[in-house]
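Everything on this sheet refers to the single structure shown next.
The values are calculated or read from the model by the stated rules, or taken from the named source; none is laboratory data. Note that the coordinates shown come from a computational prediction; the quantities given were computed from them, not determined experimentally. Here the Cβ positions follow ideal geometry from the backbone for every residue, glycine too, while neighbour counts run over all protein chains shown.
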């Protein structure tokens, strides 16, 4: 399929711009040690990322995607993780290949560009700054900016409204089924990358409009 040229391009953070799993996995494993439980490792944590840190902590406690742990278990674990992650937001993380080229193309070509993530603002802004790309964005919508997170369309529609663009002129770029669902619900076009975090599933199964191997391909696509 082809893509209509948008006016606003919104980009997901974890798994699309930044491989943040090494830091997240470190913090999860240190949390598990503090709780006196076995660690999970990078490969396991990689299948859990994408729905915010609270859900990540729940997954580490329950070893399931969507089961909720006992309230007291979460209340004990979550503050431990939050302190660890505040101190270890970006030291092990890196930009994916092609991200810098893609962002430079978008800004140079005059597109409005935003970052929309389910990660809390307290972690989102430092991570973008540490990765050297914060200034590439006209708006940053974090997991606690709006009342609902992706796959709800609210964060995408919030960004579009703030930058005065209609959904039909907007494009979402992400790596997960939640990005696709959010885009569809918002009336956006959606492009995905295959290298991110989609709970072990091929992103093509979510039927985005286009799949590109890296953001460097945006120049040819748009």
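Quick one: residue 197 ticks every box in (1) outside any helix (DSSP H, G or I); (2) at pLDDT 95 or above; (3) surrounded by 23 or more Cβ atoms within 10 Å (Cβ to Cβ) except a single one, so which number is it?
Checking residue 197 against (1) outside any helix (DSSP H, G or I); (2) at pLDDT 95 or above; (3) surrounded by 23 or more Cβ atoms within 10 Å (Cβ to Cβ), the one that fails is (2).
Give region 104-124 a look and list any residue that's in a helix (DSSP H, G or I) and in contact with a strand residue (DSSP E or B) (Cβ under 7 Å, 6 or more places away or on another chain), or say none.
106, 107, 124
Within region 79-94, which residues are surrounded by fewer than 18 Cβ atoms within 10 Å (Cβ to Cβ) and touching a strand residue (DSSP E or B) at 6+ places or on another chain (Cβ under 6 Å)?
Result: 94, single match.
Among the residues of region 154-185, what is the count of those that are buried (at least 24 other Cβ atoms within 10 Å of the Cβ) and more than 21 Å from residue 49 (Cβ to Cβ)?
Summing the residues that are buried (at least 24 other Cβ atoms within 10 Å of the Cβ) and more than 21 Å from residue 49 (Cβ to Cβ) in region 154-185 gives 4.
Do we find that residue 76 is more than 24 Å from residue 158 (Cβ to Cβ), outside the structural domain of residue 191 (by TED's automatic domain parsing), touching a residue at least 24 places away in the same chain (Cβ under 8 Å) and surrounded by fewer than 16 Cβ atoms within 10 Å (Cβ to Cβ) in this structure?
yes
Condition first: closer than 19 Å to residue 177 by Cα, surrounded by 15 or more Cβ atoms within 10 Å (Cβ to Cβ) and touching a helix residue (DSSP H, G or I) at 6+ places or on another chain (Cβ under 7 Å). Now tell me which residues in region 55-73 satisfy that.
Within region 55-73, 56 is the sole residue that qualifies.
Taking the stated definitions as given, is residue 29 crowded, with 17+ Cβ neighbours inside 10 Å and under 18 Å from the mean Cα position of the chain (by Cα)?
For residue 29, the condition - crowded, with 17+ Cβ neighbours inside 10 Å and under 18 Å from the mean Cα position of the chain (by Cα) - is not met.
If you take the residues of region 159-190 that are in contact with a strand residue (DSSP E or B) (Cβ under 6 Å, 6 or more places away or on another chain) and without any contact (Cβ under 8 Å) to a residue 24 or more places away in the chain, which of them is farthest from residue 112 (Cα to Cα)?
So, considering only residues that are in contact with a strand residue (DSSP E or B) (Cβ under 6 Å, 6 or more places away or on another chain) and without any contact (Cβ under 8 Å) to a residue 24 or more places away in the chain, the one farthest from residue 112 (Cα to Cα) is 190.
Out of curiosity, is residue 178 in a loop (DSSP other than H, G, I, E, B) and closer than 21 Å to residue 46 by Cβ?
Against the criterion (in a loop (DSSP other than H, G, I, E, B) and closer than 21 Å to residue 46 by Cβ), residue 178 does not qualify.
Suppose the filter is surrounded by 20 or more Cβ atoms within 10 Å (Cβ to Cβ), touching a helix residue (DSSP H, G or I) at 6+ places or on another chain (Cβ under 6 Å), at pLDDT 95 or above and in a helix (DSSP H, G or I); does residue 128 pass it?
Spelling it out, residue 128 is indeed surrounded by 20 or more Cβ atoms within 10 Å (Cβ to Cβ), touching a helix residue (DSSP H, G or I) at 6+ places or on another chain (Cβ under 6 Å), at pLDDT 95 or above and in a helix (DSSP H, G or I).
Any residue at all in region 140-151 that is within 14 Å of residue 113 (Cα to Cα), at pLDDT 95 or above and in contact with a strand residue (DSSP E or B) (Cβ under 6 Å, 6 or more places away or on another chain)?
Yes, the conditions are met somewhere in region 140-151.
Is it the case, given these coordinates, that residue 10 is more than 21 Å from residue 200 (Cα to Cα), under 15 Å from the mean Cα position of the chain (by Cα) and buried (at least 23 other Cβ atoms within 10 Å of the Cβ)?
So residue 10 fits the description; yes.
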